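The values are calculated or read from the model by the stated rules, or taken from the named source; none is laboratory data. Note that the structure is a prediction, hence the values are computed from the model and not measured. Glycine also receives a Cβ, built like all others from the backbone with ideal geometry; neighbour counts cover every protein chain displayed. Note: areas computed on protein heavy atoms with side chains; ligands, DNA, RNA excluded. Shrake-Rupley method; radii C 1.70, N 1.55, O 1.52, S 1.80 Å.
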Amino acid sequence: MKNKEKLNGETNRDFALRVIRENIVNLELKPGLMISEQDIADELNLSRTPVHEALQELVRTKIVEVFPQRGSQVCKIDMKMVNEAMFLRKTLELAVVREACEMATVLDYQWLDENVKLQDFYEKSGNLEMIMELDNKFHKKMYQIADRMQCYNVIHEMNVHFDRMRELSLHSGNQKSVIKEHEQLLEYFRNKDYDNLIKLQKAHLERLSLDEKAIREKYSEYFKDE
């Protein structure tokens, strides 16, 4: 498991939750893996209480399952949960992007342009972790521009199911096409081309539906039996 630095003002529980969640999303903690509260507490230099509380939060979002006397297990990928998370994100984000398009400033355009250029840079160096981080920041920026961060927080909680599929998609070699879509989205966004912006944003978020078969064939052990 990859450890992280604790953020200023972050509680032990929130720190544990963030680190465990990120390790589940980036597949350091693989679907189906048994994990121990004590091992994680030792890794993070915490007591078991905040780790236990973090795992209970992840149980609530159905990304971790607890087995009495045995420990906790990272849930395998459940496509029903992935599709529900994608539905929620698509429903909110298409509306948010339209609002952000009306409210964006020159500085916002500059920030987004720099973000996409960095995605391209890290794609050339093969740094998938940074591509994923920048991708997340690109989409989060739309919520910040539109001042819809409560909506973002709702999506973020459930997005862990969707994000694992995005991670597998990147590992399957789709990073170039994802970055090209971000470049095109930014062009439509800058030009306030609403029709093409919404059309491409919808296709961008639905990409995993098209990639699902290939991803499941390559990583079949990560998926819940249907």
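Data for the structure
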read-out: Positions within segment 156-207 being in a loop (DSSP other than H, G, I, E, B) and either at pLDDT below 90 or under 20 Å from residue 219 (Cα atoms) (or both), in sequence order; value: 206
read-out: Residue 36 being touching a strand residue (DSSP E or B) at 6+ places or on another chain (Cβ under 8 Å), small (Gly, Ala, Ser) and surrounded by 16 or more Cβ atoms within 10 Å (Cβ to Cβ); value: no
read-out: In segment 12-32, residue nearest to residue 51 (Cα to Cα) [restricted to those that are open to solvent by less than 70 Å² (accessible area, probe 1.4 Å) and assigned to a loop (DSSP other than H, G, I, E, B)]; value: 29
read-out: Filter result for the condition that a residue is under 30 Å from residue 36 (Cβ atoms) and not charged (D, E, K, R), over 95, 85; value: 85
read-out: Residue under evaluation residue 166, criteria (1) closer than 20 Å to residue 110 by Cα; (2) within 15 Å of the chain's Cα centre (by Cα), criterion not met; value: (1)
read-out: Count - residues of segment 95-137 that are within 19 Å of residue 173 (Cα to Cα), among the polar types (S, T, N, Q) and open to solvent by 10 Å² or more (accessible area, probe 1.4 Å); value: 3
read-out: Neighbours by Cβ (under 8 Å, 6+ apart or cross-chain): first from segment 34-51, more than 16 Å from residue 4 (Cβ to Cβ); second part of a strand (DSSP E or B) and open to solvent by 30 Å² or more (accessible area, probe 1.4 Å); value: 34/73; 35/73
read-out: Pairs with Cβ under 6 Å, 6+ apart, first in segment 163-182 and more than 25 Å from residue 76 (Cα to Cα) and of a type in the set (A, V, I, L, M), second part of a helix (DSSP H, G or I) and modelled with pLDDT of 90 or more; value: 179/119; 179/120; 179/123
read-out: Search result, residues across segment 1-19 that are in contact (Cβ under 8 Å) with a residue 40 or more places away in the chain and under 21 Å from residue 33 (Cα atoms); value: 1, 3, 17
